[in-house]
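Below: the structure, in structure tokens.
The values are calculated or read from the model by the stated rules, or taken from the named source; none is laboratory data. Bear in mind that the values here come from a model prediction, so they are computed numbers and not experimental data. Note: ideal-geometry Cβ built from the backbone for every residue, glycine included; neighbour counts use all protein chains shown.
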Amino acid sequence: MGAIHRSRAITWLIVAIFSHLRANGHDYPIDDSVGLGPVFDGIGAISGGGATSRLLVSYPQSQREQVLDYLFKPNFGASLHTFKVEIGGDGQSTDGTEPSHMHSEDDENYQRGYEWYLMVQAKKRNPNIKLYGLPWAFPGWVGKGTQDPYKYPLITAKYITKWLMGARKYYNLTIDYVGIWNERPFNSNYIKELRKTLNENGLEKTKIVAADNHWNDIASAIQNDPELAAVVDIIGAHYPGTMSPKEASATGKPLWASEDYSTTDNKIGGGCFARIINQNYVNGNMSSTIAWNLVASYYNGLPYPNDGLMTANEPWSGHYEVASPIWLAAHTTQFAFPGWFYLKRGFGSGHLEKNGSFVTFIDPTKKKFAIVIEAMSHEHSQCIRPPLPQYSITNQVALFRLQGSLKNLVDKVTLWRTCLKFNGPSSLFERIGTIPVVNNVIELKIDVDCTYTITNTAGQRKGHYPNPPAGQEFPLPYHDDFDNYQIASEAKYFADQTGVFEIHNSNTPKHGRVMRQMVFNSPISWCTDAAQPISLIGNSDWKDITVQTDFLIEKGEGVLIAARIGFGGCNIAFTPGVVLRITIHGYFTLSEDLGGFLTIHSGKLLTPIGLNTWHTATLTVKGGMAAATFDHKPLFNNIFVGYSEGFAAIGAQSFIPVQFDNFSVRRS
């Protein structure tokens, strides 16, 4: 066959394929002439709700900066629009405790914790990012000994307002949104008091999101209380399953999935995130989706391991993993921005004929647009909650017909694609190139488990850094004398599970700086705090180790030193482990649980140890046996223990001030 004949044959083949696709494609209008949909409020993620970023701040600076770029830097990675943080309340809130800015009514310190640092870093990368604060727990003084933060609404409102004012005063941060109480009942009188207190302190522009729980109660309250309706700006619900009730829409308030996703950052997690970002609007008229959590930067042995948009939980090695949810988020976050508009459902947004969904965003000038299409299968897009109803999906062809302001706007568009493969490598956030717009129609073949973005904008990219260092186990032996930290900071690698352990100056020059337990009253709990403040470190599978520390009891009962602590989080009060307790009265016990109910050995020291004196304790577990020393003299040897593995830990027997120094762990 000659060259001319071959050329004609190829041309006719392309025409035939194009005609076949056009004949079998389904037509979808992309039309703003019927009006615009709601304002797009952005895609975000949550740091906190349980100390989820705890290990990130201990990373070497180079890798820490890279992780933050993948999360926040515009046109690089997830490029988040909203950053939601926990307002630390001294209580357990999923994977640990976060310190309050006010441990007591006469205490204020805005250097505690790491959320300030992360907000500053987010703003540094994206000055337009919106900040959102929400409490999970509250320090006990707020409720004056009760478990009710609403009992004294003015006290609680002032407490929250001071956090916002501290952000402004010490970090030049404006908090755009503030919530009520995470996943707990709201109180209308408190919400009104909060609005009044914010206004009185120059925070009129901070919007209130209520109630970070379910739709119906808050929607009903708003409809029946005009004063409440006037002070609630946004209705936020958690894990809505892409649906919202008519009662919520009837309020006229923006609807947000103010916490969602909460799924392992594997390919299925990516599929989950892609599906809900689109379908939260298509099914539920929600204008924002916020993922829990930002980055899985907590130990794997704690609840919900790897449930971030990416994972960074090895600060000692610098290893991190950029996961598929980062790139599925980018399909929206790098192409549409808060202040843009959705096109109405049925006129630019909706379901695909053979399942899946599409959403169109348009900028206020009506010159820029992006269409995000997801075709995630049921098997490969299930979120951790709620259950996903069964459906089937097949490959299909879509014909997106540009109308209204978009008609004749462009003759070509750019296509980006992610395809998740479960029997081989996936293609993540690839720029495919330009495709033609023929007679105002964009034709796209859509494959199952793929997400696409069609746009007439430019500047997007798939950010990249050289591979991070290889992963390593926690390094042993390990030692920390706590001297190289700032006052009120937290020692690296420790993960507080009840109480808060901060760096402070010792009352004896020999010990320099120490780690001190700082919560002296039970907090208003979000879940279940233990009666014993405790901080974990290391691996959840450590078996044969020796834990040693110097300690000083300022007042109260005594201290604890532990190995093989089985788990943390909201069940910390019930964790098994090998726990040595030493009291000021000169007694010791060895138990196989944190609560001390399963005591297997006990005894008496030669003399009471008293207050404000330094001592040294060592606990060794090896195989099925435990041994301990006190001030370098044996307490016991060869006591049989049944629990086989877990974290190392130190703590107090109650909410009291105790100090620790010269902590170490080694293999035994």
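Cβ separations smaller than 8 Å between residues 6+ apart or across chains give the following pairs from segment 580-592 residues that are in contact (Cβ under 8 Å) with a residue 60 or more places away in the chain to residues that are acidic (Asp, Glu) and surrounded by fewer than 20 Cβ atoms within 10 Å (Cβ to Cβ): Thr583/Glu557. Would you mind stating whether Lys366 is surrounded by fewer than 16 Cβ atoms within 10 Å (Cβ to Cβ), charged (D, E, K, R) and over 16 Å from Ala274 (Cα atoms)? Yes; evaluated as a whole, the condition is true for this residue. Given the structure, is Tyr391 under 22 Å from Thr242 (Cα atoms) and part of a loop (DSSP other than H, G, I, E, B)? Considered against the rule, which asks whether it is under 22 Å from Thr242 (Cα atoms) and part of a loop (DSSP other than H, G, I, E, B), Tyr391 comes out as yes.
Residue count for segment 319-377 satisfying the condition of being in contact with a Phe, Trp or Tyr (Cβ under 7 Å, 6 or more places away or on another chain) and either under 30 Å from Ala470 (Cα atoms) or of a type in the set (D, E, K, R) (or both): 9. Does any residue of segment 611-624 turn out to be within 34 Å of the chain's Cα centre (by Cα), among the charged types (D, E, K, R) and assigned to a strand (DSSP E or B)? Checked segment 611-624: no residue is within 34 Å of the chain's Cα centre (by Cα), among the charged types (D, E, K, R) and assigned to a strand (DSSP E or B). Put simply, of Phe422, Phe400 the only residue that is touching a strand residue (DSSP E or B) at 6+ places or on another chain (Cβ under 8 Å) and of a type in the set (Phe, Trp, Tyr) is Phe400.
Quick grid of which residues meet (1) under 24 Å from Asn505 (Cβ atoms); (2) among the small types (Gly, Ala, Ser):
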| position | (1), (2) |
| --- | --- |
| Thr599 | no, no |
| Trp614 | yes, no |
| Leu619 | no, no |
| Gly624 | no, yes |
| Thr629 | no, no |
| His632 | no, no |
| Tyr643 | no, no |
| Val658 | yes, no |
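With respect to the conditions (1) part of a loop (DSSP other than H, G, I, E, B); (2) under 28 Å from Tyr304 (Cα atoms), Asn408 falls short on a single one, namely (2).
Checking each residue in segment 411-425 for being under 26 Å from His380 (Cα atoms) and part of a strand (DSSP E or B) picks out Leu415, Trp416, Arg417, Thr418, Cys419.
Taking the listed residues Leu428, Leu476, the one that is buried (at least 17 other Cβ atoms within 10 Å of the Cβ), touching a strand residue (DSSP E or B) at 6+ places or on another chain (Cβ under 7 Å) and either in contact (Cβ under 8 Å) with a residue 60 or more places away in the chain or part of a loop (DSSP other than H, G, I, E, B) (or both) is Leu428, with no other qualifying.
Of the residues contained in segment 189-198, none is found to be modelled with pLDDT of 95 or more, surrounded by fewer than 20 Cβ atoms within 10 Å (Cβ to Cβ) and assigned to a loop (DSSP other than H, G, I, E, B). When the residues of segment 230-261 are narrowed to those that are buried (at least 19 other Cβ atoms within 10 Å of the Cβ), more than 18 Å from the chain's Cα centre (by Cα) and of a type in the set (Gly, Ala, Ser), which ends up nearest to Gly49 (Cα to Cα)? Only one residue fits best here, namely Gly241.
To keep it simple, each residue is scored yes or no on (1) under 30 Å from Cys419 (Cα atoms); (2) in contact with a Phe, Trp or Tyr (Cβ under 9 Å, 6 or more places away or on another chain).
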{"site": "Ile191", "(1), (2)": "no, no"}
{"site": "Asn199", "(1), (2)": "no, no"}
{"site": "Val232", "(1), (2)": "no, no"}
{"site": "Ala248", "(1), (2)": "no, yes"}
{"site": "Ile268", "(1), (2)": "yes, yes"}
